[in-house]
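Okay, so here's the structure we're looking at.
The values are calculated or read from the model by the stated rules, or taken from the named source; none is laboratory data. Treat the numbers as computed from the prediction; the structure is a model and nothing was measured. When we count neighbours, we look across all protein chains shown, and the Cβ atoms used for this are built from the backbone with ideal geometry, even at glycine. When the accessible area is computed, the model is the full protein with side chains, heavy atoms only, and any ligands, DNA or RNA have been set aside. Shrake-Rupley method; radii C 1.70, N 1.55, O 1.52, S 1.80 Å.
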Amino acid sequence: MNKFFNIINVDKTSRVAEIVINGIKIQTPCFMPVATQASVKSLDSFELNNIGYNLILSNIYHMAARPGITYLKDFGGIHKFMNWKGLILTDSGGFQGYSLSHRVKVKDDGIIFQSHLDGKEIYFKPKQVVRYQEDIGSNIMMPLDICLPKKASLNELKEAIETTYSWAKESITARTTIDSKLFGIVQGGTNLELREISAKKITSLDFDGFAYGGLGVGEDKELMMNALQSVNELLPENKPRYLMGIGSPDDLIKSIRNGFDMFDCVLPTRIARNGSLFTEKGRINIFNAKYKNIDKPIEEKCKCYSCENYSLAYIHHLFKSKELLGYRISSIHNLAFLYNLMSVTRKMIKNSDFSLFAIDFLKEYRSTDPQIQAEQKSKWIQSQGREN
Ligand SMILES: [Zn+2]
């Protein structure tokens, strides 16, 4: 049991497993908070660790744009820079090729970004992107890929799959250490046939794990969920399966039911800063006047720092007064909510009770706040995904 990825229990298509890197153990299914710019917005490394997190996500395009790869390497790596003792997965910049597309030229051999900060050219090529991630000390690296918008044509999707495959092959040859793991990314939008083609190509390569990318980019939610159902057949059982950019509680439960192990999303911290808080019955909007006089925590049974110490009334006041503390207290709770949800999920899978748990959770979890319900219906996608 000294492998990088050990499966502990399988319950139908869901599994509990352990990832071990540099002696640090992470149990999956797990959610990874997003530190795009080497910071999970408004929380420091100790607060994240106190919630229980040991694996977070950062982004190599943003690190290249600021503070710079050489700067970080000379500093002693991203872990030292952030004072983060856990593991870090870095995304490759492929997503920014989509989200910053007005500043991007996609070439056969890479992506040319015009920095969103100072306009200087940042030329990302597959081999360099792996070296950059090694240079800053990433524990799990992602190869450069092509992520397309939902309106992409069939031909564009096919081309993107080919380029992603060719870059994946280059990325594998660029590795200089097995200490930093490297995952392959399967593309294909919501087209099931193309996703299968992409999966066959990418899983033929010797990656340490595999991801589904290119989802949560504005497509119909049902189509997205449909595309996830193939994961158990298309990705090998003995390696981690990572669903990129998805993180609402109900989507996590559904994706785990399909067989995914790892997730990241800006959703919990982004909506926290807008006053939207997770509860087992759905999201609540702390701005609502009904919370003004409620001297109770966000959730009675939540044991997070925020729920142990502060009332809905106080958090309501902080948001009305635009106090920064409100953003922090809310971000801690939302991240703790997902951390606890993943802990319970692992326990249920270990006991082979996950199917029933998932049905109960999904029945209970809905938006009770009409304002949020409307917002979720019309704009769910804006609150999904990753930062630009
Ligand atoms: Zn809480």
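The 1.4 Å probe gives accessible areas that order 175, 346, largest first, as 175, 346. Beta bridges assigned by DSSP with both partners in the chain are antiparallel in approximately 50 percent of cases.
Scanning the chain for long hydrophobic helices, with DSSP H runs required to stretch 18 angstrom or more by C-alpha along their axis and to average at least 0.0 on the Kyte-Doolittle scale, returns 324-350.
Take every pair of alpha-carbon atoms less than 8 Å apart whose residues are at least six positions apart; their mean separation over the length of segment 175-262 yields a relative contact order of 28 percent. Report the paramagnetic label zone for residue 73: residues of segment 117-152 whose backbone N is under 19 Å from a point 7 Å from Cα along the Cα-to-Cβ axis. Only 121-144 fall inside the zone, counting backbone N under 19 Å.
Measuring how big segment 125-209 is from its alpha-carbon positions, Rg and Dmax come out at 13.1, 38 Å. Evaluated at q = 0.09, 0.17 Å⁻¹, the base-10 log of the normalised Debye intensity for segment 1-144, with identical point scatterers placed on the Cα atoms, takes the values -0.31, -0.97. Between 52, 275, 215, the Cα set farthest toward the positive side of the dipole of the chain (charges on each charged residue's Cβ, about the Cα centre) is that of 275. Dividing the Cα radius of gyration of segment 173-222 by 2.2 N^0.38 Å, with N the residue count, gives 1.34.
Pairs spanning more than 31 Å between alpha-carbon atoms, out of 85/127; 25/158; 120/151: 25/158. Summary value for segment 234-315: 19 percent relative contact order, contacts being C-alpha pairs under 8 angstrom separated by 6+ residues. Projecting the Cα positions of 153, 16, 325 onto the charge dipole of the chain (unit charges on Cβ atoms of Lys, Arg, Asp and Glu, taken about the Cα centre) puts 325 furthest along the positive direction. Here is how the number arises for the chain: DSSP H runs of 4 or more residues each give -39500 (n - 2.57), the sum is divided by the residue count, and the result at 222 nm is -12500 deg cm²/dmol. Normalised by the number of residues in segment 52-99, the average gap of Cα pairs under 8 Å and 6 or more apart makes the relative contact order 57 percent. Note on the chain: with charges restricted to the Cβ of Lys and Arg (+1) and Asp and Glu (-1), its dipole about the Cα centre is near 520 debye. Centre-to-centre, using Cα atoms only, segment 309-329 and segment 106-124 are separated by 40 Å.
Taking a 22 Å limit on the Cα-Cα distance, which of the listed pairs 290/320; 181/347; 3/73; 281/301 fall beyond it? The pairs that break the limit, which is 22 Å between Cα atoms, are 181/347; 3/73. The three principal axes of the C-alpha atoms in the chain carry coordinate ranges of 59, 47, 44 Å, sorted with the longest axis first. If you bin all the Cα-Cα distances of segment 232-300 at 5 Å, starting from zero, the percentages per bin are 3, 14, 20, 18, 14, 10, 9, 6, 3, 2, 0.
Listed by chain and number, the aspartates and glutamates whose alpha-carbon sits under 19 Å from that of residue 201, ignoring those within fewer than 8 places in the same chain, are 108, 109, 145, 156, 159, 162, 170, 193, 233, 237. Given their separation in residues at 0.36 nm each and the Cα-Cα distance between them, residue 280 and residue 356 gain 25.8 nm when the chain is fully extended.
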